[in-house]
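Colleague: Attaching a single structure in structure tokens format; questions to follow.
The values are calculated or read from the model by the stated rules, or taken from the named source; none is laboratory data. These numbers come from a predicted model, not from an experiment. Cβ placement follows ideal geometry from the backbone for every residue including glycine, while neighbour counts extend to all protein chains displayed.
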Amino acid sequence: MKNPSAVPNRWKHESKIFAVPSKGKDLYPDYALDAGGQPLPLVRRILEIFDGSKTPWSLAFWFGLPNSWLGSKKPKDLLASDPEAVLKAAAMDKEGPVHG
């Protein structure tokens, strides 16, 4: 029998998706997958923007909490409908606060 976690684990190591650890297992966010169960290319681009600066849990919070750059909408809810706004929000978050 094949290992059912082999493919998602490979995607994780290829930075196509992320997983949060829970009770010794990796949990993968369903919003990061398309209807066919493949990783959304946009998620990989977001992970590239953050470039390891966020832990898996902080990534989950970033995707799942309201974001001021997105009009208080959650990034995960805009992956399909407004991908460019989500990319911009990730870039702005990575850049950090701007003081002037």
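Colleague: What number of residues within the range 49-79 satisfy the criterion of being closer than 20 Å to ALA19 by Cα, among the small types (Gly, Ala, Ser) and in a loop (DSSP other than H, G, I, E, B)?
Modeller: Here the count works out to 2.
Colleague: Might you check whether a residue that is under 29 Å from PRO97 (Cβ atoms) and small (Gly, Ala, Ser) occurs anywhere in the range 19-31?
Modeller: So far as the range 19-31 goes, yes, one or more of its residues are under 29 Å from PRO97 (Cβ atoms) and small (Gly, Ala, Ser).
Colleague: Would you confirm whether or not the range 18-32 contains a residue that is aromatic (Phe, Trp, Tyr), free of Cβ contacts under 8 Å to residues at least 60 places away in the same chain, within 25 Å of ALA6 (Cα to Cα) and not in a helix (DSSP H, G or I)?
Modeller: Taking the range 18-32 first, the residues aromatic (Phe, Trp, Tyr) are 18, 28, 31.
If we keep only those that are free of Cβ contacts under 8 Å to residues at least 60 places away in the same chain as well, we get 18, 28, 31.
Retained after the next criterion (residues that are within 25 Å of ALA6 (Cα to Cα)): 18, 28, 31.
Next cut, not in a helix (DSSP H, G or I) only: 18, 28.
There is at least one residue in the range 18-32 that is aromatic (Phe, Trp, Tyr), free of Cβ contacts under 8 Å to residues at least 60 places away in the same chain, within 25 Å of ALA6 (Cα to Cα) and not in a helix (DSSP H, G or I).
Colleague: Can you tell me which residue is nearest to PRO56 (Cα to Cα) among those in the range 1-17 that are at pLDDT 90 or above and outside any helix (DSSP H, G or I)?
Modeller: ILE17
Colleague: Within the bounds of the range 39-55, is there any residue that is in contact (Cβ under 8 Å) with a residue 24 or more places away in the chain, surrounded by fewer than 13 Cβ atoms within 10 Å (Cβ to Cβ), of a type in the set (A, V, I, L, M, F, W, C) and within 29 Å of LYS25 (Cα to Cα)?
Modeller: no
Yes/no matrix, rows are residues, columns are (1) surrounded by 15 or more Cβ atoms within 10 Å (Cβ to Cβ); (2) among the hydroxyl-bearing types (Ser, Thr, Tyr):
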| position | (1), (2) |
| --- | --- |
| VAL7 | no, no |
| VAL20 | yes, no |
| LEU33 | yes, no |
| SER58 | no, yes |
| PHE61 | no, no |
| ASP82 | yes, no |
| VAL86 | yes, no |
| MET92 | yes, no |
| PRO97 | no, no |
